[in-house]
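The values are calculated or read from the model by the stated rules, or taken from the named source; none is laboratory data. For clarity, every value in this text was computed on a predicted model and none was experimentally measured. Neighbour counts run over all protein chains shown; Cβ positions are idealised from the backbone, glycine included. Please note that ligands, DNA and RNA were not included when accessible areas were found on the heavy atoms of the full protein model with its side chains. Shrake-Rupley method; radii C 1.70, N 1.55, O 1.52, S 1.80 Å.
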Amino acid sequence: MATIYLDHQATTPMDPAVTEAMTFAATHCYANPSSPHAAGIRAFREVERARGAVARFIGAGRSEICFTSGATEGNNLAIKGVVRPGAARHVVTTAVEHKSVLDTCRSLREAGHEVTVLPVDEEGRVDPGQVAAALRPDTALVSVMLANNEVATVQPVAEIGALTRAAGVPLHCDATQGVGSLPVDVTALGVDLLTFSGHKIYGPKGVGVLYVANRLSDRAPLVPLLHGGGQERGLRAGTLNTAAVIGLGAAVGVLATGREAEAVRLAGLRARFLSELADLVPYVLNSGTGPGFLPHAVNLSFPGVDAQQLLLEVADLAVSTGSACNSSAQEPSHVLRAIGLAPERIRGSVRISFGRFTTEADAATAARALAAVAAREPARSA
């Protein structure tokens, strides 16, 4: 039996159109896009075609798009690039951000900057009023994700953006989890910096996007993390991963044509999965499933079950207990702790996320497979 893959919040399989585009790039666009000869110019044109596709996708200008190795690098560059060395500055973020944001902020604190980490409610949502109250004259940046990678909560970024814009404080948004399912327009959101990764939208790993608003660059250009060349308008030195960039452009093109219809389909798959599961085994939801949450994901707990053990025993099913970036740490999810879940509920939590190639039969089969193991575990632990 083939594995049923339901871990799309960790990564997505590449779309066939992306594979085709990258094969073309590897064969015909192997030259360095910074080289002045004909082969280099051809590669450069394809890179710029991808840049234009990404810019249109998020409502930005081409000059505002910087290609990175992924959202982790983009988040580091966005945050450290604004909060410069020297005089202490203040940063505001939330308790449920991805570790690439929280750990970057922690490094700034260790360097002498002040960081305010705002709490969230039981759904994982930050109060815009608390963001406004946290702003100070020396606040250099606010960083709030678009959607959470563990409990699927969509944050009120546009409302926060209106507040930060009025205060003259740049707003960074890690949109990695939301860009595949939600409409993303940088103007409507009111963000100055936005990041996402190719591998979360059926593109390749090793490539991502950092949007930097021209209004921010004109006022105070970001300080680069990498030095050694003038690539990406001086923001990121190093030869571009041309094939991956072209693959990202293809992924964005596919996504742009059917995102809304796909979001509806995925919400239907999630509903079928939960309905099937409810008939077989008790569970409790840790994330919402209505407006204000991603349509394709759900986090739930099985009472009395050790989720780590469950995943070892369930065959031919790929789901997770939380963020893949935390899997080696063997510590309770900081997101589930932030929304106030008890340790035993966190211990039994499972994250399931449906994707482009998931079928209704997959959803039903996955529910039955999880239920069969979960029903055994409490008795085994007794």
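Some observations on this one:
- Residue in the stretch 274-281 that is of a type in the set (S, T, N, Q) and open to solvent by less than 40 Å² (accessible area, probe 1.4 Å) present: no
- Within the stretch 190-216, the residues that satisfy the criterion of being over 22 Å from GLY249 (Cβ atoms) and outside any loop (DSSP other than H, G, I, E, B) are ARG215, LEU216.
- Here is the figure for the stretch 264-300: residues that are closer than 12 Å to SER181 by Cβ and touching a residue at least 24 places away in the same chain (Cβ under 8 Å) total 9.
- Note on the stretch 275-321: residues that are hydrophobic (A, V, I, L, M, F, W, C), assigned to a helix (DSSP H, G or I) and at pLDDT below 95 total 4.
- Restricting the stretch 158-181 to residues that are hydrophobic (A, V, I, L, M, F, W, C) and open to solvent by less than 20 Å² (accessible area, probe 1.4 Å), the residue that is nearest to GLY258 (Cα to Cα) is VAL179.
- Summed over the stretch 23-60, the residues that are of a type in the set (Gly, Ala, Ser), open to solvent by 30 Å² or more (accessible area, probe 1.4 Å) and within 19 Å of VAL191 (Cα to Cα) give a count of 1.
- Cβ-Cβ under 6 Å pairs, at least 6 apart or on other chains, the stretch 119-141 side basic (Lys, Arg), far side crowded, with 19+ Cβ neighbours inside 10 Å: ARG125/THR153; ARG136/HIS90
- Among the conditions (1) charged (D, E, K, R); (2) at positive phi; (3) surrounded by 21 or more Cβ atoms within 10 Å (Cβ to Cβ), the only one that ARG270 does not satisfy is (2).
- Only one of SER69, SER63 that is surrounded by fewer than 23 Cβ atoms within 10 Å (Cβ to Cβ), at pLDDT 95 or above, over 20 Å from the mean Cα position of the chain (by Cα) and more than 24 Å from ASP138 (Cα to Cα): SER63
- Restricting GLY74, GLY112, GLY129 to residues that are part of a loop (DSSP other than H, G, I, E, B) and open to solvent by less than 60 Å² (accessible area, probe 1.4 Å) narrows the list to GLY112.
- For the stretch 289-319, taking the residues that are closer than 20 Å to PRO332 by Cα and either touching a Pro at 6+ places or on another chain (Cβ under 6 Å) or not aliphatic (A, V, I, L, M) (or both), the one that is most open to solvent (accessible area, probe 1.4 Å) is identified as GLN308.
- Qualifying residue in the stretch 244-259 (condition: assigned to a helix (DSSP H, G or I), of a type in the set (S, T, N, Q) and open to solvent by less than 20 Å² (accessible area, probe 1.4 Å)): no
- Qualifying position, being closer than 25 Å to LEU341 by Cα and either modelled with pLDDT of 95 or more or touching a Ser or Thr at 6+ places or on another chain (Cβ under 6 Å) (or both), among VAL131, VAL82: VAL131
- Pair list, Cβ under 9 Å, 6 or more apart: the stretch 12-39 residue touching a residue at least 40 places away in the same chain (Cβ under 8 Å) and farther than 20 Å from SER197 by Cα, other residue among the basic types (Lys, Arg) and exposed (fewer than 13 other Cβ atoms within 10 Å of the Cβ): CYS29/ARG45; PRO33/ARG45
- Summed over the stretch 190-234, the residues that are modelled with pLDDT of 95 or more and acidic (Asp, Glu) give a count of 1.
- Single residue of the stretch 2-22 satisfying the filter (part of a helix (DSSP H, G or I) and open to solvent by 70 Å² or more (accessible area, probe 1.4 Å)) that is nearest to SER181 (Cα to Cα): PRO16
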